[in-house]
Amino acid sequence: MRKLLYSYFLIILLGVSGNGFAQTYQLTGNPVVTTGWDLVSSAVVNADFIQLTQDVGNQYGAIKLSTPINLKYCDKWKVEFDFRIDGNGTTQFGRGDGFTFWYLANPPTGFVSGGGLGIPANASGLMVGFDIFNNTTEGQMSKVHLLYGTNNSLNNNIEYNNTAGSTFHSPDLNPTQPFVGTNYKHVEVNGQTDLTNPTNWIISIKIDGVQIVNQSFAPSGGAIGMTQGYFGFSAATGGASARHSIKNAKIYIDKVPILQNIVTPFVCVNPATGNGTVDLTSFNSQFVNNPGNYIFTYYVLGNSTPIANPTSFQYTGNTTITVVVKDPSSTLCDNGDGVIQLNPTPFAADDATLTGCNNNNAGVAIFDLTTAAVTNIPGVTKAFYPTLFDLNNGTNQITNPTAYPSAAGSVFVKVTTPQGCVDVAQITLNIFPVVVVNDATLRTCFIESNPSLGSFNLTVATVTSQGGTKKYYPSLTDALNGTNEISNPTNYIAPNGVVYIKVTDANGCFAVAKVTLIVLPPVYSSVLQDKIICMEDKTTLDAGPGFASYLWSTGATTQTISGAGVGTYWVKLKTGDCITTQTVKVYPAEQPVVTYIDISSSTITVNVIGGTPPYQYSLDNVNWQDSNIFNNISRGDHTVYVKDAYDCEPIDIDITVPNLINVITPNGDGVNDAIDYSSLANKQNLEFSIFDRYGYKIHQGDKNNKYRWDGTTSAGRKVPTGNYWYSVTWNENDKHNTPFKFSGWIMVKNRE
């Protein structure tokens, strides 16, 4: 019963879910779906449950699977269901009798007495009864009976079957778990191989999570060696009366899943011996993923003895091998559905053709000879030779068959199957048409912010007329290796140089073209130069001829613009498709600056810097002279005018030529008693100094002495009669603080 029951559940699962792993057969739904099941006698679908009997005496009902199940390879299974026993009962016998979950070789098809819980006499298999009527005392009870054998005891009632090792009878569960009531009770039945005695099952039964039994059971009677049977439920009332119902029945079967049932490999026999040898284990991965997780056993069909050496199995004619896949953890059921069908046929390798690319017109293609379709038989070995002579003599074997460089021609391959069968095939090597490319040149305008660079649209380079895909690379090495691809070919910023375009056709062949990149430099006007003009003047700016168009910052589009005053201008000069922006400045002429004026007696010397020499000088802004010295200048105020070579509006500076007294007679008569320069007191930094003939300063005029000298020393003594030198310096009250110096000699006549 052990193996049979598990396989039966597995087939149920396969038939319903279509999945070879973790399968479930169910009686669920509302109304309950009974496809694949047979309802027997009074059993009917009632909404979401199966009603096996009505609350009437002498009722019998059952539900069973329609086809028998083979449990040969099952080591573990689980069944869950809910049951309810309710009703009014009879006055004489009360409620009875109970129901049974079973797997039987001969399931019931008609009426069975109440005491048998719906199980036929002499039925063989696994029976788990839920009994509510004590046939001895004719009283109410709640007991679980289990029989793993044949129902041939007293009155064909498993309550009385006590076959040693094959039966179980629980105590009366009425006080704690009464079977009769309005609520459903949940049952779990688990079975697994007893590893200490593989012919036995360890059966575990729980009701509402409470363990009822968990022990090993040996098959007895007709259950010994049982190979197939039917799964189902039955109930009977007999002289008593009760309604027996079940729902949510689920059978869980986990079987080793296999990818395919039949493997038909190519095999051949050695013509000399008529025998062949094959490694049966080499096909394991065609049956399951991760074959290392499982144990494989191989049998010749019809022979129950496993093949002793599956890695070197010898055969002659057609041979069928059955394969059993076992989960060593016993988590999954064994799967014995695998078949290896050995049908020896003569071996012949096929001639083949490979076509390769003469990439970049290198003269040869690189062929992977191992990809030639000379056979579809797995596990063959191949040896490649350049000529048939070499193959026959075992010389010059090709050592790099995956990357063999060759022009158009042929090579030969010796193909040996895992069974030792040998044949020779010719591989013709062809060359695809060469991808034709041409080098090209691209020109583009400079980038204004960085004139050494340009933005190139590499995609417009005409390098081929054959079509194909294009990729762009900064170097030939990158193009050949497919590295550092240019990601922005439509806006590639680069200086003068080269790039490479790899053109690949529909065959995957390629050629590389070189593209020369030329950045067109800015073209400036050689005529247009910065200018210097007088601040009040205007000038004409000329960009010169030869440009396609002009656009000035003033908005003018002519070659020249007039009336340009001091300022900065630009003009956009178009040459071809490129535009150069050129800036030109009109500077104001720098005005000269009077740095120093020296007045000596009646002579004025004007010292000038800045501007653009030569300078011209004037005292009336009418008459001009080249000399910076004016002679015979009268005492009083004058204006000096200066202009430079640009002849701009002259600068002017006012000067004062003091009244010079050459002789003083400090005798107190009020006439020529002193030199007095107090009239210059409003000048900046005014200094008045007297020196003797040796250059020694004998007097310093300042505001304390009101810039006067009366012929005495700083100590108040009269100086001797004689000639003395004087110097008067100041800064004019103008924006440049022009320095002045007035100097000369004076005679002092003192009476001793």
For the pairs 683/706; 185/206; 703/741; 643/683; 206/247, flag any whose C-alpha to C-alpha distance is greater than 20 Å. 643/683
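Counting only heavy atoms of protein chains, what accessible area per residue, in Å², does the chain have with a probe of 1.4 Å?
47 Å²
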Might you report the magnitude of the Cβ-based charge dipole of the stretch 123-281 about its Cα centre, with Lys and Arg at +1 and Asp and Glu at -1, to the nearest 20 debye? 320 debye
Using the alpha-carbon centroid of each, what span in Å lies between the stretch 620-634 and the stretch 490-524? 74 Å
Using Cα-Cα distances under 8 Å and only pairs 6 or more residues apart, what relative contact order does the stretch 102-256 have, in percent? 26 percent
State the percentage of accessible surface on the stretch 445-599 attributable to carbon and sulfur atoms; use a 1.4 Å probe and exclude ligands, DNA and RNA. 52 percent
Alpha carbon centroid spacing (whole Å) that separates the stretch 174-212 from the stretch 636-697: 139 Å
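Suppose a student asked you for the relative contact order of the stretch 222-306, using Cα pairs under 8 Å spaced at least 6 residues apart; what percent would you report?
19 percent
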Using alpha carbons only, how many angstrom separate the centre of the stretch 83-154 from the centre of the stretch 416-452? 83 Å
Of 548, 619, 608, farthest towards positive along the dipole that unit charges on Lys, Arg, Asp, Glu beta carbons give the stretch 538-630: 548
So if R0 is 25 Å, what FRET efficiency would residue 662 and residue 631 give, r being the distance between their Cβ atoms, rounded to the nearest 0.05? 0.90
Helix 2-17 sits at what angle to the longest principal axis of the chain, using alpha carbons and giving 0 to 90 degrees rounded to 10? 50 degrees
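What does the convex hull of the Cα atoms of the stretch 631-680 come to per residue, in Å³, rounded to a whole number?
Values: hull volume 4.6 nm³, N = 50.
Per residue, the Cα convex hull of the stretch 631-680 comes to 92 Å³.
Might you report the magnitude of the Cβ-based charge dipole of the chain about its Cα centre, with Lys and Arg at +1 and Asp and Glu at -1, to the nearest 20 debye?
On the way: 42 positive and 55 negative charges, 216 e Å.
Here the chain has a charge dipole of around 1040 debye.
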Give, to the nearest whole percent, the P(r) tail of the stretch 435-531 beyond 23 angstrom, counting all Cα pairs. 31 percent
Among 264, 104, 124, flag the residue with its Cα farthest along the positive direction of the charge dipole of the chain, charges on Cβ as +1 for Lys/Arg and -1 for Asp/Glu. 124
Residue (of 632, 686, 726) at the positive-pole extreme of the stretch 610-752, dipole from beta-carbon charges: 726
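Counting each DSSP H run of 4 or more residues in the chain as -39500 (n - 2.57), what helix-only mean residue ellipticity at 222 nm follows after dividing by all residues, to the nearest 500 deg cm²/dmol? Working shown, then result.
Values: 4 runs with 32 residues, N = 752.
After summing the helix terms and dividing by residue count, I get -1000 deg cm²/dmol.
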Assigning unit charges at the beta carbon (Lys, Arg +1; Asp, Glu -1) and nothing else, what dipole magnitude in debye, to the nearest 20, does the stretch 331-426 show about its Cα centre? 280 debye
Counting only protein heavy atoms and using a 1.4 Å probe, what share of the accessible area of the stretch 600-752 belongs to carbon plus sulfur, as a whole percent? 46 percent
Could you work out what % of the accessible surface of the stretch 236-359 is carbon and sulfur, using a 1.4 angstrom probe and leaving DNA, RNA and ligands out of the count? 47 percent
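Ratio of the stretch 529-676's C-alpha Rg to 2.2 N^0.38 Å, to two decimals?
Numbers: Rg = 25.8 Å, N = 148, 2.2 N^0.38 = 14.7 Å.
Normalised by 2.2 N^0.38 Å, the Cα Rg of the stretch 529-676 equals 1.75.
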Of (i) -0.64, -1.02, -1.12; (ii) -0.32, -1.13, -1.26; (iii) -0.29, -1.03, -1.18, the label for log10 I(q)/I(0) by the Debye sum over Cα atoms at q = 0.05, 0.10, 0.11 Å⁻¹ derived from the coordinates: (i)
Using alpha-carbon pairs under 8 Å, 6+ residues apart, how would you state the relative contact order of the chain in percent? 8 percent
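The values are calculated or read from the model by the stated rules, or taken from the named source; none is laboratory data. All values reported here derive from a predicted model rather than from experimental measurement. When we count neighbours, we look across all protein chains shown, and the Cβ atoms used for this are built from the backbone with ideal geometry, even at glycine. Just the protein is used for accessible areas: all its heavy atoms, side chains included, with ligands, DNA and RNA removed. Shrake-Rupley method; radii C 1.70, N 1.55, O 1.52, S 1.80 Å.
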